[in-house]
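Following: one structure in structure tokens, then a few remarks.
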Amino acid sequence: MVYDFRNNSRVTTTAETVDAGVNENAFITRVYGWMCVALAITGLVALYVVTTPVLINTIATNQMLLFGLIIVELAAVGALVLLVNKMPATLAAIVFVTYSALNGVTLSTLFLIYTASSIASAFFITSATFAAMSCYGWYTKRDLSSIGNLCFMGLLGIIIASLVNMFLQSSGLYWAISYIGVLIFVGLIAYDTQKIKRMSRSIESNSETGKKTALLGALALYLDFINLFIMLLRILGSRR
């Protein structure tokens with residue numbers, strides 16, 4: 001950074017611009033790299049469980065075990081979000097990888113409900129939608145904060161509605177949650193992408209803080225992807 005005495009202001013040099021660009025690219029690469037690693041782990045674990053009769057039968061026939069795994073998953077996400085500043089980046093990465101593996105175990109039950117071809121179709125549609133909305137969030141000049149806040153409130157709404165529907169067992173509410181959920185997570189993908197882009201400009205990618213922030217960004221995108229996939233599978237999936 002140099003000082004321009006004529007305009008009484010600081011001027012960014014070419015070298016600094018290049019360094020900022022390299023740092024931003026490194027941060028973004030780390031975020032999407034971790035997200036892809038987590039998705040790969042989830043997919044591989046799900047395939048392993050569903051092709052291992054003893055494991056899939058144990059999970060499918062033991063609701064307490066399944067609920068226990070879900071509680072552990074929620075605890076892992078909570079620990080990563082709330083306690084990330086108090087843990088080293090290596091431990092945060094281990095928690096993230098562990099969570100993605102546990103998620104693979106619970107998601108393996110989807111293979112018992114839906115056909116493999118419909119799961120594959122929903123995955124590819126989710127991937128294409130994610131790529132399109134992530135590009136939109138990256139390149140748009142529009143501030144998506146209001147959309148993000150609206151989607152977050154909608155997310156709280158469908159969580160509450162899902163809990164209520166566990167007792168009501170209403171098919172109408174089930175489909176409403178699914179369609180609204182697609183809209184919410186499509187919006188969150190664009191919003192989270194824009195937020196990550198902004199963070200990349202102010203965080204040193206190779207610092208301890210930068211590494212942990214990248215993990216949190218990857219977690220946000222991973223959750224957006226997984227939840228969009230589940231909502232689309234509900235709508236488009238062919239049941240066995």
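The values are calculated or read from the model by the stated rules, or taken from the named source; none is laboratory data. What you are looking at is a predicted structure, and each value in this text was computed from that prediction instead of being measured. Neighbour counts run over all protein chains shown; Cβ positions are idealised from the backbone, glycine included.
Does Thr129 satisfy the condition of being touching a helix residue (DSSP H, G or I) at 6+ places or on another chain (Cβ under 7 Å), assigned to a helix (DSSP H, G or I) and either β-branched (Val, Ile, Thr) or modelled with pLDDT of 95 or more (or both)? Considered against the rule, which asks whether it is touching a helix residue (DSSP H, G or I) at 6+ places or on another chain (Cβ under 7 Å), assigned to a helix (DSSP H, G or I) and either β-branched (Val, Ile, Thr) or modelled with pLDDT of 95 or more (or both), Thr129 comes out as yes. Before we move on, is Tyr179 among the hydroxyl-bearing types (Ser, Thr, Tyr), under 13 Å from the mean Cα position of the chain (by Cα) and at pLDDT 95 or above? No.
Residues in segment 128-139 that are within 14 Å of Val186 (Cβ to Cβ) and free of Cβ contacts under 8 Å to residues at least 60 places away in the same chain: 5 in all.
Any idea how many residues of segment 53-73 are surrounded by 11 or more Cβ atoms within 10 Å (Cβ to Cβ) and either at pLDDT 95 or above or among the aliphatic types (A, V, I, L, M) (or both)? Result for segment 53-73: 9.
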